[in-house]
Amino acid sequence: MSDSTLRASVFEVITNRILALLDQGTIPWKKPWGGPEQAPRSLTTGKPYRGVNVFLLHAAGYASPYWLTYRQAYDWGGHVRKGERGFPVVFWKWRDAEDTETNEDGKKERPAPLLRYYTVFNTSQIDDLPANRIPAVETVTHPFTPIERAETVVRGYPSGPRLEHGYPGAWYRPSADLVGMPSHERFTSVPEYYSTLFHELTHSTGHRERLARKGITDDIHFGSTSYSQEELVAEMGAAFLMGHCGLEQATLPNSAAYINSWRERLKADSRVVVFAAAQAQRAADLILSQAASDEAE
């Protein structure tokens, strides 16, 4: 059996297992690297955020739980770094009972709740904030021992992107062809580190000088159809690469949960996973092309 045929059979097995997990229902997705013990909160007031804001800001993956607006940072002498993206938070409250409005039928009714949106930045995104005004945050760390077969895949990625560690979250930046990752010790397990890294490396295969995938080459927005599809491709690619390394057992449930969170945005159609798997197979083949040649020698 040729290397490409063997890889294809592994990819098919992984795809079928993910589809089976989706049919059975999956556990909620868990962020695989550790963060602060405190809930996200305003740096200026110290009050924790509530409702959907907790989920939105936790999911951003920053080590610090403290957030503030651009103006608040400026007033404290801070400067949001160029290129940093803010995150929306929602503030709403019910109006007082005596605040009523008259509808078209002349009847009094309570108006809709007051709703406002703000954009906030994590303290990790801001320079020159007074150090004495930011409470210390303790981050949990875990022992890390590299897995050689996974390291071989990373090293063997032909003309792959630059890789840097020490960031508050994991991401791929096409403009710089750069993968940023949290420090190794922040991950809750070694396999989860490689699954996350493989996810970002799969994103990088979409660069215009590689596979030129629309979800990477085009200017897309968070939560859009193209963004959702690209996330499916990246996580399927990560699952395939973990399967190649014999590590999928440790991370597949979390991958399936992550895939399902984006699949639901695409009307929960299982076919979108199969379509993403086809694109992910091309991505994984590109990443593995050199590693497969080395193993064949």
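The values are calculated or read from the model by the stated rules, or taken from the named source; none is laboratory data. Please read these numbers as outputs of a predicted model, since none were measured by experiment. Note that we place each Cβ from the backbone using ideal geometry, even for glycine, and neighbour counts take in every protein chain shown.
For segment 182-199, filtered to residues that are in contact with a Gly (Cβ under 8 Å, 6 or more places away or on another chain) and crowded, with 21+ Cβ neighbours inside 10 Å, the residue that is nearest to Ser124 (Cα to Cα) is Pro182. If I ask for residues that are of a type in the set (Val, Ile, Thr) and either touching a Cys at 6+ places or on another chain (Cβ under 8 Å) or over 18 Å from Gln38 (Cα atoms) (or both), which ones from segment 61-89 would you list? Listed by number, the residues that qualify are Thr69, Val80. So, Ala284, is that one crowded, with 16+ Cβ neighbours inside 10 Å, farther than 14 Å from Tyr157 by Cα and at pLDDT 85 or above or not? Against the criterion (crowded, with 16+ Cβ neighbours inside 10 Å, farther than 14 Å from Tyr157 by Cα and at pLDDT 85 or above), Ala284 does not qualify. Can Val153 be described as in the same structural domain as Ser289 (by TED's automatic domain parsing), touching a Cys at 6+ places or on another chain (Cβ under 7 Å) and either among the β-branched types (Val, Ile, Thr) or on the phi > 0 side of the Ramachandran plot (or both)? Yes; evaluated as a whole, the condition is true for this residue.
Residues that are in contact with a Ser or Thr (Cβ under 7 Å, 6 or more places away or on another chain), assigned by TED's automatic domain parsing to the domain that holds Gly206 and within 22 Å of Tyr193 (Cβ to Cβ): does segment 270-278 have at least one? No, there is no match, as no residue in segment 270-278 is in contact with a Ser or Thr (Cβ under 7 Å, 6 or more places away or on another chain), assigned by TED's automatic domain parsing to the domain that holds Gly206 and within 22 Å of Tyr193 (Cβ to Cβ). Applying the criterion of being touching a residue at least 24 places away in the same chain (Cβ under 8 Å) and of a type in the set (A, V, I, L, M, F, W, C) to the residues of segment 188-213, the residue that is farthest from Ile287 (Cα to Cα) is Val190.
Checked against (1) loosely packed, with under 12 Cβ neighbours inside 10 Å; (2) at pLDDT 90 or above, Ile126 passes all but condition (1). How about segment 166-181: which of its residues are on the phi < 0 side of the Ramachandran plot and either aromatic (Phe, Trp, Tyr) or surrounded by 14 or more Cβ atoms within 10 Å (Cβ to Cβ) (or both)? Passing the criteria: Tyr167, Pro168, Gly169, Ala170, Trp171, Tyr172, Arg173, Pro174, Leu178, Val179, Gly180, Met181.
Among the residues of segment 20-57, write down those that are modelled with pLDDT of 75 or more and aliphatic (A, V, I, L, M). Residues satisfying the conditions are Ala20, Ala39, Leu43, Val54, Leu57. Do we have any residue at all in segment 129-145 that's touching a residue at least 60 places away in the same chain (Cβ under 8 Å), under 24 Å from His244 (Cβ atoms) and in contact with a Leu (Cβ under 8 Å, 6 or more places away or on another chain)? No, segment 129-145 has no match at all.
Going through (1) modelled with pLDDT under 95; (2) touching a strand residue (DSSP E or B) at 6+ places or on another chain (Cβ under 8 Å); (3) crowded, with 22+ Cβ neighbours inside 10 Å; (4) not polar (S, T, N, Q) one by one, Ala256 falls short only on (2).
Inspect segment 196-207 for any residue being under 24 Å from Pro40 (Cα atoms), of a type in the set (Ser, Thr, Tyr) and assigned by TED's automatic domain parsing to the domain that holds Val13 and give the result as yes or no.
yes
Here's the yes/no breakdown for (1) at pLDDT below 90; (2) in contact with a helix residue (DSSP H, G or I) (Cβ under 8 Å, 6 or more places away or on another chain); (3) not charged (D, E, K, R):
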| residue | (1), (2), (3) |
| --- | --- |
| Pro113 | yes, no, yes |
| Val137 | yes, no, yes |
| Thr141 | yes, yes, yes |
| His165 | no, yes, yes |
| Pro168 | yes, yes, yes |
| Pro174 | no, yes, yes |
| Val179 | no, yes, yes |
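Considering the conditions (1) over 21 Å from Leu288 (Cβ atoms); (2) free of Cβ contacts under 8 Å to residues at least 12 places away in the same chain; (3) not hydrophobic (A, V, I, L, M, F, W, C), Gln249 is excluded by exactly one of them, (1).
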